[in-house]
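Okay, so here's the structure we're looking at.
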Amino acid sequence: MLTRHEICEAVSFLLESAEDRGTAQGILVYTTFLEMIESARDGTAVQELLGKLNHNLAGIEAHGDFTPEEYKQVLFLRSGDETFKS
């Protein structure tokens with residue numbers, strides 16, 4: 001199970017990378033989930049949000065693309081999601 005801090009660091013990386021690449025892909029998702037995860041009331045809420053985040057990341061992956069470095073972060077986030085099934 002990933003900590004709130006680890007999840008936020010990975011999502012922050014994805015946000016910064018997307019901004020650096022000048023793409024709108026994922027910006028709203030990353031920003032929204034960072035806010036929601038940072039304000040989540042407990043670990044259970046964080047894990048629920050991680051599941052929803054991974055669902056969104058799968059959609060981005062299906063219709064967009066990640067750099068190799070971004071994809072490492074996506075895999076890292078998936079690794080902490082007990083409900084994610086590829």
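The values are calculated or read from the model by the stated rules, or taken from the named source; none is laboratory data. Please read these numbers as outputs of a predicted model, since none were measured by experiment. Counting neighbours? That spans all protein chains shown, and the Cβs are built from the backbone with ideal geometry, glycine included. Note: areas computed on protein heavy atoms with side chains; ligands, DNA, RNA excluded. Shrake-Rupley method; radii C 1.70, N 1.55, O 1.52, S 1.80 Å.
Looking only at the range 1-50, count every residue that is among the aliphatic types (A, V, I, L, M) and either outside any helix (DSSP H, G or I) or touching a His at 6+ places or on another chain (Cβ under 8 Å) (or both) and tell me the total. Residues meeting the conditions: 4.
Could you tell me which residue of the range 51-75 is farthest from Thr3 (Cα to Cα), considering only residues that are open to solvent by less than 60 Å² (accessible area, probe 1.4 Å) and outside any helix (DSSP H, G or I)? Lay out the reasoning, then the answer.
Our first condition is that a residue be open to solvent by less than 60 Å² (accessible area, probe 1.4 Å); within the range 51-75, this holds for 51, 53-54, 56-60, 64, 66-67, 70, 73-74.
From what's left, outside any helix (DSSP H, G or I): 64, 66-67.
Working: Gly64: 27, Phe66: 23, Thr67: 24 Å.
Going through the qualifying residues, I end up with Gly64.
For the range 7-26, state whether one or more residues are open to solvent by less than 30 Å² (accessible area, probe 1.4 Å), over 18 Å from Glu82 (Cα atoms) and among the aromatic types (Phe, Trp, Tyr). Checking the range 7-26: not a single residue is open to solvent by less than 30 Å² (accessible area, probe 1.4 Å), over 18 Å from Glu82 (Cα atoms) and among the aromatic types (Phe, Trp, Tyr). Scanning the range 25-45 for residues being in contact (Cβ under 8 Å) with a residue 12 or more places away in the chain and over 12 Å from the mean Cα position of the chain (by Cα) gives a total of 4. Against the numbered list (1) basic (Lys, Arg); (2) open to solvent by 40 Å² or more (accessible area, probe 1.4 Å); (3) assigned to a helix (DSSP H, G or I), Arg78 comes up short only at (2).
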